[in-house]
Every structure is written in C-alpha cells, then in structure tokens.
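Notes follow once the structure below has been shown.
The values are calculated or read from the model by the stated rules, or taken from the named source; none is laboratory data. Keep in mind it's a predicted model, so treat the numbers as computed, not measured.
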Amino acid sequence: MVSAHDHLLQEKYRYENRKLSPDEAIAELNHRFREHGVGYQYESGMMMRVDSQIIHEEIVRPALSMLFDPMYEDANAEFLSAHEHYRTKKYKECLNDCLKAFESTIKAICTQRGWEFNVGDTAKRLIDIVFERKLIPSFMQAHFTALRSTLEAGVPTVRNRLSGHGQGTEEATVPESVAAYALHLTASNVLLLTRASAEMR
C-alpha cells in the first residue's frame with residue numbers, strides 16, 4: 001500500500017502548482033493537530049494516535065526511526081500494526097502485535113550478529129540471549145536489574161495474562177490504559193535494544 005507521502009512524491013508532476021512539499025505539508029498538518037489538541041499525528045505513512053506528545057517525540061518517533069532500517073522490517077510492520085489496532089480500539093490485537101514487534105526486534109539483532117536462537121523462542125529466552133551476549137555491558141548489568149525485570153514482566157506478561165492464551169468462559173477485556181502502557185513500553189524497549197546494538201562493536 002502506497003502512503004500519501006509516497007504517492008505525492010511519485011505523482012509530483014500533477015502537483016506542480018502546490019505551495020508546500022509533501023514533507024512540509026505533513027509537518028504543517030501535524031503542527032495543526034497539536035495546536036488544536038486533535039490527538040493524532042501523521043507518521044510513517046499512517047495516522048497515529050498520540051496520547052502524550054512528549055512520549056511520542058522522545059520514545060515512539062525515535063523507535064520508528066530505528067525500525068525503518070530494512071533489517072527490522074518485520075518488527076516495524078508489527079509495531080505499526082500495534083499502533084493501528086490502538087487507534088481503532090482493538091486493544092487485544094494491539095498487545096499481541098506489541099509482543100511480536102518486541103520479539104522480532106531481538107531476533108533481527110540476533111540474526112545480524114550471528115547469535116543462535118530458535119524461531120519459536122519466547123520473549124523470556126530472547127531476553128536471556130541479549131543479556132548473555134552482553135548487548136548491555138556486563139559492568140552495567142547490576143544497574144539493569146530493574147530493566148530486566150521490566151522487560152520480562154512488562155509486555156510479555158501483560159500480553160500473556162490478558163490476550164495471548166485461552167480465556168475460559170469469561171472474555172478478558174484489555175483496558176485502554178493497559179494497551180497504551182504496553183505500546184509505550186514496547187517503544188522504549190525497541191529503542192533501547194536497537195540503539196545498544198548500533199553502538200555495540
């Protein structure tokens with residue numbers, strides 16, 4: 001599917017008299033959204049719901065920038081899908097795609113670096129691999145005890161308890177607040193892992 005931005009670039013001869021370039025038009029649109037408190041922003045070819053401008057600018061946008069690398073193609077598609085589900089209030093699906101994006105990010109890093117993993121490895125095992133391989137330096141691991149706890153107990157556990165397994169006789173409802181937390185936690189984890197990998201020699 002071609003985004004509006006790409007369509008404008010491909011069909012630019014039809015818009016010769018325009019006053020703004022596609023990038024300038026998108027920047028203007030997003031500025032007006034923020035100015036009027038609309039709560040959405042056009043990013044990476046789609047409309048995204050923005051609950052916190054600071055979180056979006058400091059975490060979500062940089063995470064999307066890192067995932068734009070072709071090696072993270074699967075993780076990028078899953079993270080964008082999670083945003084789309086969040087925007088359309090499909091919170092269970094949002095959690096499922098958050099976990100997929102998180103796991104795909106680690107698998108992409110492992111593949112790039114030649115670190116062994118099994119295709120069916122869960123988030124917990126993948127987290128173990130990046131710590132064993134010192135993606136986060138060993139001298140800093142003591143300081144990252146809380147981080148590891150968050151990685152292990154955050155997105156995977158939220159997803160497992162609320163959306164990933166059989167629900168029995170009662171349908172589990174995922175609150176909007178939990179979906180937002182999982183989405184932002186995923187962005188933070190993705191940003192940390194991709195930047196750490198980029199910095200690793």
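Residue-level analysis places Ala198 outside the set of residues that are modelled with pLDDT under 85 and among the small types (Gly, Ala, Ser). Scanning segment 103-125 for residues that are assigned to a helix (DSSP H, G or I) and modelled with pLDDT of 90 or more yields Glu103, Ser104, Thr105, Ile106, Lys107, Ala108, Ile109, Cys110, Thr111, Gln112, Arg113.
Restricting attention to segment 126-139, the residues that are outside any helix (DSSP H, G or I) and among the hydrophobic types (A, V, I, L, M, F, W, C) add up to 2.
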